[in-house]
Amino acid sequence: ARCQCKVAPRERSNCGHPGITAEECRRAGCCFSASVPGVPWCFTPKQRRVRKVCPTDARARVNCGFPGITAEQCEKRGCCFVSHPAGVPWCFYRRTVTE
């Protein structure tokens, strides 16, 4: 993702050899920007931040429990518990969301 390459020039960590081309740099999974002299032009992208969230769409729920599971049993498994609507899992897995 392009936003992962928004790294302040002084915070860049080198990701390639001196004289690396933009294409070689990107092929290595790194970011390239030659706009600021005196700092690495080929640099490591920012780590993606990930969160686990309970999906809001009831149809997107993936069952994490068994019929009659309690909220406490469900949450011990690290899953979400919402006791409505009928016909969908009430205990369901969290979704991983990249920020």
Hey, among 55, 45, 37, which residue is part of a loop (DSSP other than H, G, I, E, B) and surrounded by fewer than 10 Cβ atoms within 10 Å (Cβ to Cβ)?
-> 37
Identify the residue in segment 1-58 that is among the basic types (Lys, Arg) and without any contact (Cβ under 8 Å) to a residue 24 or more places away in the chain and, among all such residues, is nearest to residue 83 (Cα to Cα).
-> 2
Restricting attention to segment 1-32, report how many residues are in a loop (DSSP other than H, G, I, E, B), among the polar types (S, T, N, Q) and either open to solvent by 90 Å² or more (accessible area, probe 1.4 Å) or more than 30 Å from residue 96 (Cα to Cα) (or both).
-> 1
If you scan segment 58-82, which residues turn out to be modelled with pLDDT of 95 or more, open to solvent by less than 50 Å² (accessible area, probe 1.4 Å) and not in a loop (DSSP other than H, G, I, E, B)?
-> 71, 74, 80
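The values are calculated or read from the model by the stated rules, or taken from the named source; none is laboratory data. Computed from a prediction, not measured in an experiment: that's the story for all the values here. A quick note on method: Cβ atoms are made from the backbone with ideal geometry, for glycine too, and the neighbour counts reach across all protein chains shown. Side chains included, ligands, DNA and RNA excluded: accessible areas come from the protein's heavy atoms. Shrake-Rupley method; radii C 1.70, N 1.55, O 1.52, S 1.80 Å.
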